[in-house]
Amino acid sequence: MSIRLHPSWKTRLQPLLEAPTMKELRAFLVEQARAGRQIYPPAGKIFAALDATPFDEVKVVILGQDPYHGPGQAHGLCFSVMPGVAVPPSLLNIYKEIESDLRIKRPDHGCLLPWAQRGVLLLNSVLTVEHGRAGAHQGKGWEDFTDSIVRLLGSEREGLVFMLWGSYAQSKGKMLDGRRHLVLRCAHPSPLSAHRGFLGSKHFSRANDYLKRRGGEPVDWALPKLKQLEVVEDA
């Protein structure tokens, strides 16, 4: 399992990466690969969220569940897909809400890397998945690892925005102090639940208003056109 993440994260997470639970997780992933099972995202992209958004530059945290399990979709950022891949239904609803909330037109792709580079940590709770088997790597050790990331941000930073969509993401909210951060909760953007509170939640404008009130820069939620994207693909 190739490890590539920003030094600001590597310094903080090195003890966790060397812990027995992570060594067991690494062994599990190696065993799965040797058995011929396709694992997503590619090894070089497993920690892409932590590589793209340095610890001290995080402004907003969006929590997902586990990566997409279709070919060519997952690249280490929750809700995001590689350029040229069809935009998934949940992301379409995210775009729909941004358009309603901020009057930003939806882009012609589903790659959210520019958000990550602007301070939006797009973190899944589980960082790998098996082809065609949603949730296949849940309970293997990733949850403790990503819980530690949320705790680090909650305790070492102030004035962050956490967007917790759906009960799975909201379960991590118990680790956060609402006096130090803005914690936004609503339904998941999935077509099965988006109408129960995600659409119309105005989380994006609320996040920017909070950041500005604290003297920070708001997030630019507009995404460039597909032809303007620069994304390095890993084998």
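The values are calculated or read from the model by the stated rules, or taken from the named source; none is laboratory data. What you are looking at is a predicted structure, and each value in this text was computed from that prediction instead of being measured. Glycine also receives a Cβ, built like all others from the backbone with ideal geometry; neighbour counts cover every protein chain displayed. Surface areas here come from the heavy atoms of the whole protein model, side chains and all, with no ligands, DNA or RNA. Shrake-Rupley method; radii C 1.70, N 1.55, O 1.52, S 1.80 Å.
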With the cut-off at 14 Å, report for region 143-217 the share of all Cα pairs above it, as a whole percent.
62
Just to confirm, what accessible area per residue do you get for the chain at 1.4 Å probe, in whole Å²?
47
Span from the region 10-29 Cα centroid across to the region 100-167 one, whole angstrom
19
Listed residues S171, L13, A86: farthest to the positive end of the dipole of the chain (Cβ charges)
S171
log10 I(q)/I(0) for region 109-235, Debye formula on C-alpha points only (no solvent), q = 0.12, 0.22 Å⁻¹, two decimals, reads -0.56, -1.51
Counting other Cβ atoms within 10 Å, which trypsin sites (Lys or Arg not before Pro) in region 165-213 have at most 11 and lie in a DSSP loop?
R179
Note: region 3-43 at 10 °C, 1.306 mPa s; Kirkwood Rh on alpha carbon pairs; Stokes-Einstein D in µm²/s works out to 138
Karplus ³J(HN,Hα) for region 186-191 (6.51 cos²θ - 1.76 cosθ + 1.60, θ = phi - 60°; Hz, whole; x = Gly/Pro) runs 6, 5, 6, x, 3, x
So how do V161, V183 rank on accessible area, 1.4 Å probe, biggest first, that is with the largest at the start?
V183, V161
Total formal charge among the other residues, if their Cβ is under 14 angstrom from that of K23, Lys/Arg +1 and Asp/Glu -1:
-2
How do the peptides 52-59, 137-144 rank, highest first, by the average count of neighbouring beta carbon atoms within 10 Å per residue?
52-59, 137-144
Under 5 Å between amide H atoms, partner at least 5 residues away or on a different chain: which partners does C111 have, H built in plane at 1.01 Å?
V81
Take the chain, connect every pair of alpha-carbon atoms lying under 10 Å apart with a spring to form a Gaussian network, then pick out the residue of L63, L113, L192 with the largest mean-square fluctuation.
L192
Using modelled amide H (1.01 Å from N, peptide plane; none on Pro or chain starts), what sits under 5 Å from the amide H of V129, excluding residues fewer than 5 places away?
Y40
Apportionment of accessible area to carbon and sulfur, the chain, percent (1.4 Å):
49
Over the chain, what lengths in whole Å, largest first, do the semi-axes of the equivalent ellipsoid take, defined as the square roots of 5 times the eigenvalues of the alpha-carbon gyration tensor?
26, 21, 17
